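These notes are about the structure you will find just below.
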């Protein structure tokens, strides 16, 4: 019995995953669970091959799975599944790298950790809670389109393309929505102080 070539096996796996995703899009929860279980080891290998720190691998895999879940309706069953999945995976890996780089650029190594805020004006837990509530109120007062743009792009951290796929809006309209939302929130929060 002849075993298939690597390309034939890859195409068969892709076709199987494409079928599972098509069924998941049609509401088959079992197909969706099966798909997620099957892609996790592949995603893990991809992240490990591109990421230096093993401790972050599972977090990045989870981010990829969350993105797959958020944009699953954008998958076109008439097209191969793997390129769609890999695009999401590579974007989440790049996002993690940018985030890590930003953290590294802002880290300062010190031998002695200084006492923080020994004076009375330091924020208490109540102050921080009030800040979070003010921010929630500012988001809640936004018109629906602006609120959706802020939630998708700033709170969930989706890329413009992913947010456009989820919301059905164009990238330029999302950019305008975020810009106007941030301006309105600044004004609202400025009045609260």
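Of the helices (runs of 4 or more DSSP H) that lie entirely inside the stretch 1-90, those containing 1 or more residues that are modelled with pLDDT under 95, within 25 Å of residue 148 (Cβ to Cβ) and out of contact with any helix residue (DSSP H, G or I) (no Cβ under 7 Å at 6 or more places or on another chain) span 57-70.
When you go through 89, 18 one by one, which is the residue that is in contact (Cβ under 8 Å) with a residue 40 or more places away in the chain, farther than 23 Å from residue 156 by Cβ and surrounded by 16 or more Cβ atoms within 10 Å (Cβ to Cβ)? So that I can check it myself, show each step before the final result.
Details: 89 fails: farther than 23 Å from residue 156 by Cβ.
After ruling out the rest, the residue left standing is 18.
Among the conditions (1) under 17 Å from the mean Cα position of the chain (by Cα); (2) without any contact (Cβ under 8 Å) to a residue 12 or more places away in the chain; (3) surrounded by fewer than 17 Cβ atoms within 10 Å (Cβ to Cβ), the only one that residue 73 does not satisfy is (2).
Can you pull out every residue in the stretch 151-161 that is crowded, with 22+ Cβ neighbours inside 10 Å and modelled with pLDDT of 85 or more? The one that is crowded, with 22+ Cβ neighbours inside 10 Å and modelled with pLDDT of 85 or more: 152.
The values are calculated or read from the model by the stated rules, or taken from the named source; none is laboratory data. Nothing here was measured: the structure is a model prediction, and the numbers come from that model. So basically every Cβ, Gly included, is an ideal-geometry build from the backbone, and we count neighbours across all protein chains shown.
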